[in-house]
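Trainee: Got a structure here, written out as structure tokens. Questions coming.
The values are calculated or read from the model by the stated rules, or taken from the named source; none is laboratory data. From a predicted model like this one, the values you see are computed outputs, not experimental measurements. Cβ atoms come from the backbone with ideal geometry, glycine included; neighbour counts cover every protein chain shown. Calculation scope for accessible area: heavy atoms of the full protein, side chains included, ligands and nucleic acids excluded. Shrake-Rupley method; radii C 1.70, N 1.55, O 1.52, S 1.80 Å.
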Amino acid sequence: MSPGRDPRGRPRENRFGRESTARAEHGRAGRARCRGPLPGPPPDAARNRRGRRRIPILSSASPRPPRPRSRAEPRRGGARPPRGRSDGSSGSPQDLRRSGPLTLAAAHAHRSHSPHVPHRPLDVLREPRAAAAEPDPDVPASAVEIDRADRLVHRAPVPLDGGRDRLENGGQLDRLLAHGSRSYPTRFPRGDVSARRSTKSARRRRSGRTAGARARRRRGVAIGTLALASAAALWLGLALWSAGERAVASLERDPPNAPVEILAAPRVLRVGRRVDLSAVAEELAAQRYRAVPRVPARPGEYRISGNRLEVYRRPFTGPHGYAGAAFARVTVDGGRAVRLEDASGRPLGAFTLEPVRLGAYHGPELVDRRPLPLDRYPPRLVQAVVAAEDARFMRHRGIDLRAVLRAAWADIRGGGLVQGGSTITQQVVKNRLLGHQRTWMRKLREAILALYVERRVSKRRILEIYLNEVYLGQEGAVSIVGMPAAALHYFGKDISDLTLDEQAMLAGLIASPGRFDPRRRPEAARARRNWVLERMEQIGAIDPAERERAAARPLGVVASRRRLDPAGDLLDAVQRELVSRGWEPRPGEERARVFTTIDPAVQRAAREALRSVLDRLEREDPRRAPLEGAVVVLRPASGEILAIVGGRKGSRGAFNRALDAHRQPGSAFKPFVALTAFIEGHWQPSSLLADEPIEIRTANGLWRPRNVDGRYRGTVTLRQAIEESLNVPMAWLGRTLGAEAIRSWARLAGIRSPLPSAVSLALGTGEVTPLELAVAYGTIGNLGKYQAPRLVRGVRTADGAAVPLEPMAPPENRLPPEPCYLVLDMMAGAAEHGTARGLASAAPGVRVAAKTGTTQDGRDAWGVLVTGDTAAVCWVGRDDGKPARLYGAGAAIPVLAELLRRAGWLLLAPLPDPPPGVVEVTIDPDTGGLATWRCPRKAREVFTRDRLPVTCPRHRGFFQRFFGRRLEPDGRGGGAGRDGRPAPGLRRH
């Protein structure tokens, strides 16, 4: 029995079908030692390593796509045969499929005649039924098929069994071939040498092509990797170059954080001028001048001995330019300077002290920095800094490897970043560019940039930046940056005046200003200073004797600066004026100085006076809280503001009530009504007014003004109405004059806020600011000459150059002087025995003018003070406008009185002399006429020369009564007109 057949003799079928079984039989037959050789395969058949020919067998795997043959590839067997067949078909498998059933032997015969078939698996082999080719008698009946590599392979012979010698369309072979095929090795006969050679050559060609592809692939990967590495290196190089150039550009210019300093007006000592030695000493201490028990020998020292002041002034730049260091001795007697001389005893005409620093515009960074060029630094100070921070600064190129290794060892032992090995260059890069994060990445960037900076920036420039920008302490919220600022902060000296021990202490502060603060930790500061001195000795900067002398000296640190005033609201006012005059105060690369008109003693006195009075008022009646206030003090002749207090705290950015609080002035507006009466009418201070109930028709109905005390006095003079602040007579006068006339003259005086046109304007129902009211009263105190207020005298840069500002308007003669003097004289009466008499005790021996003001329900309290040199206004009230039961005499006048007690030596001056058109006479206060020897009551009064009153009508003699005219008041006043006729308000009998 054949192994490929079943017991009945039929071909066995495995799970792949009969054809697969036939192939298996063929494989077994090929492996057996048969007598005769099998028919040889085509010479170009593919073989494996053992020389066996691979034949495709049926498989369930998906067929692989055929490998296309290039036209340039040589074909086996010589020239390319013609495409067509003799029967007209192309010989392709598709033509064979369409031709009908074909036996395997016929297919082999067909392949032998046309061996070159396109490269694709044979799905079904068929030929036309009518033209079936006869089998080749030399080819055994074995199955032949074209595999994927376009080669003829042997198949196991398929026995003919009961009409199964043909394969029909759609048969089992079609279904199996659709699943693909796989190779099955079959050993070729040993004598088939040509087939073996052909297989080896094909294998060599394929391996050559594969090796070439792999080599090309490796070259591509290498080239791509090299390109990426080159691009990354180029990008990194450009990034480092760009960062280095930015660092160099930043170091070539100073940072824009130098503050804009705000300085007070410099104190000028003159013979004959009032001087308060204690106040001057406070100003010197605020500038960190040191009090010494001996005669001052260095700049920044002073001594007060009895009634004598000796001061050694530091050099400074003032509003008029540079002033060098100088010594002066002033002797005071009776509150005035009687002698002023220099160190050699020569008399001086005047001596200007260094201006007090009120504050600064720091911008986002609160920094006190005073940069200087390296040439102005003492060499010993530079040596101390180098010895303490970077002894090899002049030898390394940005990085000190010794210091790095030392710091790395300390970090390893400490388990983190505990010690720095940074050079001065690295610290400059860190402070200016990178920040203070303690990370390895920041240290790496710092080192790289330091190397680059050292190649482009000089050592001198790096050292100058370091000395000007190193952090050395804190003063409140402001950072002390740079050696010059630290010298003033700790020793009150310029860096050129520092001693060796002081220089060493400043150099020691760099490592940790908080840990070595000489005020809080003097022992640690002393030890650090002595260590710096030892380092200076090691590098040869000083000798042992100098080190021992410097180490034995005390620290010599001055006390913390006591600021004279918070000055926050003042800085806001100064900034507003600078902007209006065309210059924006911003921190820049160089320190700029703004010289103001503020007197530091007056500013401090105004702030403290307001606070003390507000505290007392709230203690007396807690329901008044929270009270606020504002004070403005100016010099009318020049418009210079001596003090401006915008609130209780004076914080920066807060609501400035001195400039922006629009409140009703109340009775403080009545002098402007009297001024209008003197200018436009025939009124005089002695004119009589009716103090009786009155009804005035307004747009809102009938208005019935009342006096504060609720009483009516019948007939009063205009002076009495001003001194006692009576409402009814002034309302009657306001109705007579008209609101439009009052408003126009008040605007000429200096009030810019819109005023109402109602009759009630005479009682101060319009809203004004404290600054406007002070300017208006300053115009009256200056006898009609208006001068716009100003806070800024000038601005100068660090090198002393003046910054151009828009000039202030020149003074204007807006009001006639005679009416202004009449108003001042009436206000002087209010200060002597009227509602403002509380000022009399604060100004002994000096005649001043004053006025009070109170609004409805005590919401606002006003006080006005005018002297021969100044005008001051105070407002007290609540920001929400609620009733506070305040009166001008009890709330605002006490603030002005306290101001005079604290700074009266700067403010008190006699009132101006009367102008030529004003005369002083004696009158009868009951009638307003010229007093005679018969008048029981007499009073002093001032009049304009062309409006003198007539003789008292009640106390005339017989001749005057019989032949003269009798004048009686009708409630409107008395006196003669410009043409000699009776003034309006007098009735002739």
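Trainee: Starting at the first residue of the range 525-542, write each ³J(HN,Hα) from the Karplus equation 6.51 cos²θ - 1.76 cosθ + 1.60 with θ = phi - 60°, in whole Hz, x for Gly and Pro.
Mentor: 3J(HN,Hα) across the range 525-542, in whole Hz: 5, 5, 5, 5, 4, 5, 5, 5, 4, 5, 5, 5, 5, 5, 8, x, 6, 9.
Trainee: Efficiency by 1/(1 + (r/R0)^6): what FRET value for residue 297 and residue 241, r their Cβ-Cβ distance, R0 = 51 Å, to the nearest 0.05?
Mentor: Computed FRET efficiency for residue 297 and residue 241 comes out at 0.40.
Trainee: Turning to a different aspect of this structure: Please report the accessible area of residue 467 (heavy atoms, 1.4 Å probe, ligands and nucleic acids excluded) in Å², nearest 10.
Mentor: 0
Trainee: Now a separate question. Whole-Hz Karplus ³J(HN,Hα) for the range 616-629, in order, using 6.51 cos²θ - 1.76 cosθ + 1.60 and θ = phi - 60°, x for Gly and Pro?
Mentor: Per-residue couplings from phi come out as 5, 4, 6, 5, 5, 9, x, 5, 6, 5, x, 8, 10, x Hz.
Trainee: Over the alpha-carbon set of the range 370-552, divide Rg by the Kirkwood Rh and report the Rg/Rh ratio to two decimals.
Mentor: Rounded to two decimals, Rg/Rh equals 0.95.
Trainee: What's the local net charge at residue 921, with K and R +1, D and E -1, over the other residues with C-beta under 9 Å away?
Mentor: -1
Trainee: If I ignore ligands, DNA and RNA and count only protein heavy atoms, how much of residue 732 is accessible to a 1.4 Å probe, in Å² to the nearest 10?
Mentor: 40
Trainee: Round to the nearest 0.05 the FRET efficiency obtained for residue 581 and residue 232 when R0 = 51 Å and r is the Cβ-Cβ distance.
Mentor: With a Förster radius of 51 Å, E is 0.35.
Trainee: Where does the charge balance sit around residue 936 when Lys and Arg score +1, Asp and Glu -1, over other residues with C-beta under 9 Å from its C-beta?
Mentor: Around residue 936, the charge tally is +1.
Trainee: How much accessible surface area, in Å² rounded to 10, belongs to the heavy atoms of residue 833 with a 1.4 Å probe?
Mentor: Rounded to the nearest 10, that gives 110 Å².
Trainee: Okay, next question. Hey, how many Å between the Cα centroid of the range 748-825 and the Cα centroid of the range 585-626?
Mentor: Computed from Cα coordinates, the inter-centre distance equals 21 Å.
Trainee: Applying 1/(1 + (r/R0)^6) with R0 = 56 Å to the Cβ-Cβ distance of residue 308 and residue 405, what FRET efficiency is obtained, to the nearest 0.05?
Mentor: My answer for the efficiency is 0.35.
Trainee: Here's another thing I want to ask about it. Would you mind checking which residues have amide H under 5 Å from residue 703's amide H? H placed 1.01 Å from N; only 5 or more apart, or other chain.
Mentor: 696, 697, 698
Trainee: Another question, then. Whole-Hz Karplus ³J(HN,Hα) for the range 819-826, in order, using 6.51 cos²θ - 1.76 cosθ + 1.60 and θ = phi - 60°, x for Gly and Pro?
Mentor: Once rounded to whole Hz, the list reads x, 5, 5, 4, 5, 4, 5, 5.
Trainee: Need the full-extension length gain, residue 698 to residue 474, defined as separation in residues times 0.36 nm minus the C-alpha distance. One decimal, nm.
Mentor: 74.4 nm
Trainee: Let me ask something additional. Considering only C-alpha atoms, what is the centroid distance from the range 328-365 to the range 904-930, in Å?
Mentor: Taking the Cα centre of each part, the range 328-365 and the range 904-930 sit 36 Å apart.
Trainee: Moving on to the next point. So what's the range 666-766 giving for Cα Rg divided by 2.2 N^0.38 Å, two decimals?
Mentor: Here the Cα radius of gyration is 0.99 times the empirical estimate.
Trainee: Same structure, new question: Order 908-916, 224-232, 811-819, 888-896 from most to least packed using the mean count of other Cβ atoms within 10 Å.
Mentor: 888-896, 811-819, 908-916, 224-232
Trainee: Using Cα pairs closer than 8 Å and at least 6 residues apart in sequence, work out the relative contact order for the range 848-956, in percent.
Mentor: Relative contact order of the range 848-956: 20 percent.
Trainee: When the chain is fully extended, how far beyond the present Cα-Cα distance does residue 885 get from residue 223, taking 0.36 nm per residue of separation?
Mentor: Answer, rounded to one decimal: 229.0 nm.
Trainee: So what is the relative contact order of the range 370-552, in percent, for Cα pairs below 8 Å that sit 6 or more residues apart?
Mentor: Once divided by the residue count of the range 370-552, the mean separation gives 24 percent.
Trainee: Let me ask something else about it. Sorting check: for 502-508, 688-694, which peptide has the highest mean count of neighbouring beta carbons within 10 Å, and how do the rest follow?
Mentor: Highest mean packing first, the order is 502-508, 688-694.
Trainee: Given 20 °C and 1.002 mPa s, compute D for the range 266-354 with the Stokes-Einstein relation, Rh being the Kirkwood radius over Cα pairs; round to the nearest whole µm²/s.
Mentor: Approximately 165 µm²/s, per Stokes-Einstein.
Trainee: Cβ under 13 Å from residue 525's Cβ, residue 525 left aside: what net charge do those residues give with Lys, Arg +1 and Asp, Glu -1?
Mentor: Neighbourhood net charge equals +4.
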